Amino acid sequence: MELRQAIGNRRSIRFLLPHKPVEREKIQRMLEAARLASHWGNIGTLRALVIERDKASQDVIDALPSPVGGYQIRLAPVIIAWYLETDACDEAADRLRELLAAGAIGYGDNKRKELEETLVPIFAGMGDAVKVPGLNEIDGGQGIAQATLVAFEEGLGTCLLGTADPDGVRRKLGLPDSCRLLVTMTVGYPAESPEAGGQRPRRPFEELFQLNGYDKPFERDPEVVEGLKEDGMIQAEAPLPGREEELLYLRKALDLTGEGLL
Ligand SMILES: Cc1cc2nc3c(=O)[nH]c(=O)nc-3n(C[C@H](O)[C@H](O)[C@H](O)COP(=O)(O)O)c2cc1C
């Protein structure tokens, strides 16, 4: 599937088939995609703890966030806890040297000296200041987004779950203090129809983006929009006809009656 179609067709899938296991190689492909994402300074703080429900202890399952509609954790054959290892920032200078050796940084003839005298002291001097929430979270978002698209391509459904107590979940999962839990992700085969009710609402384009000045909205060209509709990236907005009936059916089929639906 083309990238544009994948972007347009991917949805957060909350209804998963609990009995259908997810092949480990598919999870690996997701992780490979996350690893290849761009990471600031090539530091690579993004990590993931993959939890296979049928192999996990009840303690681990109980540690996972129970969001509104906690049924999502209950249905998912695999849960991925995405987190950051902030201590990776301590090796920032070495990552720069690797980038240089790989030909990724455009220094001149005396490149090693230039690197050691310019960027390395800056990166090394930043200390723990770079471990706070900020750029590392962006690494996380980029990696998770790539993994999400690969999961979709593999026929899997995913949904991210936040928690009000990320540090508590981190500790219960046995992750060290240097780590920061970003989000957990449920993974499995969708029980929903592929369009999952249609494109979920988004803020108006001009409200989100500006061009050449904060007070100048980026004007949306209708021809571009039409082209993206033809490509399958921009799709019909939710709810598509029959979605309410589908939700009722899913609730019954998955024995979710009485549980909240987010
Ligand atoms: C960082 C992040 C955290 C999220 N946390 C939750 C959550 O706790 N529970 C949930 O059901 N969905 C969660 N979502 C999914 C969003 O609610 C979802 O993206 C939104 O409903 C739009 O749907 P779509 O992803 O299909 O476009 C989260 C998404 C992101 C990016």
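Nothing in this text is a laboratory measurement; each read-out follows from the coordinates by a stated rule. Computed from a predicted model, the values in this text were never measured in an experiment. Note: ideal-geometry Cβ built from the backbone for every residue, glycine included; neighbour counts use all protein chains shown.
Summary table
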item: Where Rh is the Kirkwood radius over Cα pairs, Rg/Rh for the range 52-113; result: 1.35
item: Value of relative contact order over the range 67-177, rounded to a whole percent, pairs C-alpha under 8 Å and six or more apart; result: 30
item: Charge dipole magnitude, Cβ of K and R +1, D and E -1 - the chain, Cα centre, debye nearest 20; result: 580
item: ³J(HN,Hα), Karplus 6.51/-1.76/1.60, whole Hz, each residue of the range 14-21, x for Gly, Pro; result: 9, 9, 10, 7, x, 8, 9, x
item: Rounded, prolate or oblate (a/c below 1.5 giving rounded, otherwise prolate when a/b exceeds b/c) for the range 92-150 by Cα gyration tensor; result: oblate
item: Listed residue (Q72, L161, N9) projecting farthest to the positive dipole end of the chain, Cβ model; result: Q72
item: Neighbour-count order for M185, M30, fewest beta carbons within 10 angstrom listed first; result: M185, M30
item: At 0.692 mPa s and 37 °C, Stokes diffusion of the chain via Kirkwood alpha-carbon radius, µm² per second; result: 157
item: DSSP-defined beta bridges in the chain - what % are antiparallel, rounded to 5; result: 90
item: Crossing angle, helix 24-36 versus the chain [Cα axis fit, 0-90 degrees, rounded to tens]; result: 40
item: Relative packing of peptides 247-254, 4-11 - highest average C-beta neighbours within 10 Å first; result: 4-11, 247-254
item: Burial ranking of peptide ranges 203-209, 88-94 (average Cβ count within 10 Å, highest at the top); result: 88-94, 203-209
item: Difference of contour (0.36 nm per residue) and Cα-Cα distance, D87 to E223; result: 44.2 nm
item: Dipole magnitude (debye, nearest 20) for the range 14-138, charges at Cβ of Lys, Arg, Asp, Glu; result: 620
item: Percent RCO, i.e. relative contact order, over the chain, from Cα pairs under 8 Å lying at least 6 residues apart; result: 32
